[in-house]
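Scroll down for the structure; my scribbles are underneath it.
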Amino acid sequence: MKKIQAIRGMNDLLPADSPLWQYVEAVVTDILARYGYQEIRFPIVEATELFKRSIGEVTDIVEKEMYTFEDRNGDSLTLRPEGTACCVRACEENGLLYNQTQRLWYMGPMFRHERPQKGRYRQFHQIGVETFGIQGPDIDAEVLLLSARILRELGVGDAVQLQINSLGSAEARSAYKDALVSYLNQVAEQLDEDSKRRLGTNPLRILDSKDTSTQALLNNAPVLLDYLDEESHAHFEGLKQLLDAAGIAYQVNPRLVRGLDYYGKTAFEWVTDKLGAQSTVCAGGRYDGLVEQLGGKATPAVGFGIGLERLVLLVQALTVVPEGLDQQADVYLVAVGNVQQQAFQLAERIRDELPFVRLLAHCGGGNFKNQLKKADKSGADIALILGEDEVRDGKVVVKFLRDDVAQQTLSQEDAVTLLAGLE
Ligand code: ATP
Ligand code: MG
């Protein structure tokens, strides 16, 4: 019979990989807590309309990347391609934006029907950060400091570069769009196919084109920053000053536009040259218009998303993975003969008294030699050996698996004391 396989671009995360993921997630969530951010969880499936109205009808995501299907009652539903719109929906629906500020984060799978390749998948994972109710550039700077710390504490700080831009107000963007379109219309035949199409639908995205001849044409194009409204200009200057004072290096990239329509004013990306074509590890910006667009009261907001697969790949590529992450156990309990009840008693006693010890208790019988092989394979430093003689004498053998130290036969009391000293 033909075996059923996973959906293309949707990966299993195997036991050998999960310690690294858990480590990365723990570093990030610890930092989020240290900044006073709170976790929010929302569903993986939402009404299709939510994404159409927020991300924008003529974006790549909505036009060709969403997993959309009909519910049994005919409603159009979509597997979330990103979290910002869902977060806004959840906050609005639960009154979290009424007369208060919020600093929130979430973590989980996102779904986009893209061409799978290294760093680009159809189910991928993001840690997202969203803040609401704060207007000034101070909160933009805070989320950038936060993202910088995440990258730094994971040891990848030197491999990433911060690029920032201001997308201005909706009016400024619209004036710039007109100027860009009239410039590009003159050279339209020379544009790549994608950009030709975008000229009529989403011209700002042309700035983002990976096509080298299109990029060359853009060298003489009008520059978005020249069209900034006064307020956006002041906001951007304020942000740069805060970043300078905090010692956060950045590059102003006037061609940085995001692929989602809701961004205005600040936009940023952390990019790396260590992951090939998939260079953006973290991306975000300000979206002051989105809450209102989705039916709420106008609420300033800024946030970002980190692509976890790319972050994990980067940590691996730079070999900054801490040692011993994948070690399964500290202590392996070998139980030979008819001692299973006493073995469980000892194991549970150690788990009660020494909660920091990872204890793997042998199950499934087998002779001493076999069990000791398993103990070695588990990565444990110590094997506790319980046989019928030890049970009779109230003792246990402590065998050091990694050091050249003689094994000891101790009372269970003394064995627990010895393990306690290893913390
Ligand atoms: P890209 O330009 O790489 O397609 P994007 O602009 O579509 O990224 P966002 O929607 O801003 O990405 O998502 C934020 C982050 O999520 C990205 O910077 C990236 O790290 C990650 N990401 C986005 N799409 C994917 C994907 N298909 N597979 C893995 N990670 C992804
Ligand atoms: Mg994309």
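Annotation note: trypsin sites (Lys or Arg not before Pro) in segment 249-324 located in DSSP loop regions with a Cβ neighbour count of at most 11 within 10 Å are K297.
Stretched out straight at 0.36 nm per residue, the stretch from E171 to A234 would grow longer than its current Cα-Cα span by 21.1 nm. Here r is the Cβ-Cβ distance between Q345 and F368 and R0 is 22 Å; the resulting FRET efficiency, rounded to 0.05, is 0.65. Under a model in which nothing but the beta-carbon of Lys, Arg (+1) and Asp, Glu (-1) is charged, segment 331-420 shows a dipole of about 420 debye around its Cα centre. The residue list N370, P355, Q341 was ranked by how far each Cα lies along the charge dipole of segment 341-404 toward its positive end, using unit charges on Cβ atoms, and N370 comes out on top. For segment 102-195, the list of trypsin sites (Lys or Arg not before Pro) that fall in a loop by DSSP and count at most 12 other C-beta atoms within 10 angstrom reads K118.
Computing the accessible area with a 1.4 Å probe over protein heavy atoms, can you report the carbon and sulfur percentage for segment 331-420? Answer for segment 331-420: carbon and sulfur cover 47 percent of the accessible area.
Straight-line cross-link reach from K240 at under 23 Å between alpha-carbon atoms covers these lysines, not counting any fewer than eight positions away in the same chain: K265. Electrostatic tally near Y332: other residues with Cβ closer than 13 Å to its Cβ, Lys and Arg +1, Asp and Glu -1, net +3. Once the chain from K274 to A6 is taken as fully extended at 0.36 nm per residue, the excess over their C-alpha distance is 93.7 nm. With just the Cα atoms defining each centre, how far is segment 357-392 from segment 310-329? Give it in Å. Segment 357-392 and segment 310-329 have Cα centres separated by 28 Å. Using C-alpha pairs under 8 Å with a sequence gap of at least 6, the mean separation divided by the residue count of the chain gives a relative contact order of 15 percent. Expressed to the nearest 5 percent, the antiparallel share of DSSP beta bridges inside segment 331-420 is 50 percent.
Extension gain for Q251 to V58 (0.36 nm times residue separation, less C-alpha to C-alpha distance): 66.6 nm. Helices assigned as whole DSSP H runs in the chain whose Cα atoms extend at least 15 Å along their own long axis and whose mean Kyte-Doolittle hydropathy is -1.0 or higher are found at 18-34, 137-153, 170-186, 230-246.
If R0 is taken as 30 Å, the Cβ-Cβ distance between E353 and R34 corresponds to a FRET efficiency of 0.45. Surface composition of segment 119-254: carbon plus sulfur atoms hold 46% of the accessible area, using a 1.4 angstrom probe and ignoring ligands, DNA and RNA. Of all stretches in the chain that contain no chymotrypsin sites (Phe, Trp or Tyr not before Pro) in a DSSP loop with at most 12 other Cβ atoms within 10 Å, the longest one is 99-355. Count Lys and Arg as plus one, Asp and Glu as minus one, and take only other residues whose Cβ is under 12 Å from that of A85; the net charge is then -2. Label-to-label distance for R152 and E49 is 4.5 nm, based on points extended 7 Å past Cα in the beta-carbon direction.
Entry comment: accessible area of the chain is 50 Å² per residue, from protein heavy atoms only and a probe of 1.4 Å.
For the residues V143, V320, V312, a GNM of the chain with alpha-carbon springs under 10 Å puts the largest fluctuation on V320.
When the chain is treated as a GNM with alpha-carbon contacts under 10 Å, the residue of A85, A216, A317 showing the greatest mean-square fluctuation is A216. Placing a label point 7 Å from the Cα of E292 along the Cα-to-Cβ line, the residues of segment 118-140 whose backbone N sits under 19 Å from it are 131-137.
Assuming R0 = 51 Å, what is the FRET efficiency of S76 and D244, from their Cβ-Cβ distance, to the nearest 0.05? For S76 and D244, the calculated efficiency is 0.60.
Taking trypsin sites (Lys or Arg not before Pro) across segment 331-401, the ones in a DSSP loop with at most 16 further Cβ atoms lying within 10 angstrom of their Cβ are R358.
Counting only C-alpha contacts under 8 Å and six or more residues apart, can you give the relative contact order of segment 331-420 as a whole percent? Numbers along the way, then the final one.
On the way: 133 pairs, mean separation 28.2, N = 90.
So the answer I get is 31 percent.
The values are calculated or read from the model by the stated rules, or taken from the named source; none is laboratory data. Given the structure is predicted, the values throughout are model-derived calculations rather than measurements. A quick note on method: Cβ atoms are made from the backbone with ideal geometry, for glycine too, and the neighbour counts reach across all protein chains shown. Only protein heavy atoms, including side chains, enter the accessible area calculation; ligands, DNA and RNA are left aside. Shrake-Rupley method; radii C 1.70, N 1.55, O 1.52, S 1.80 Å.
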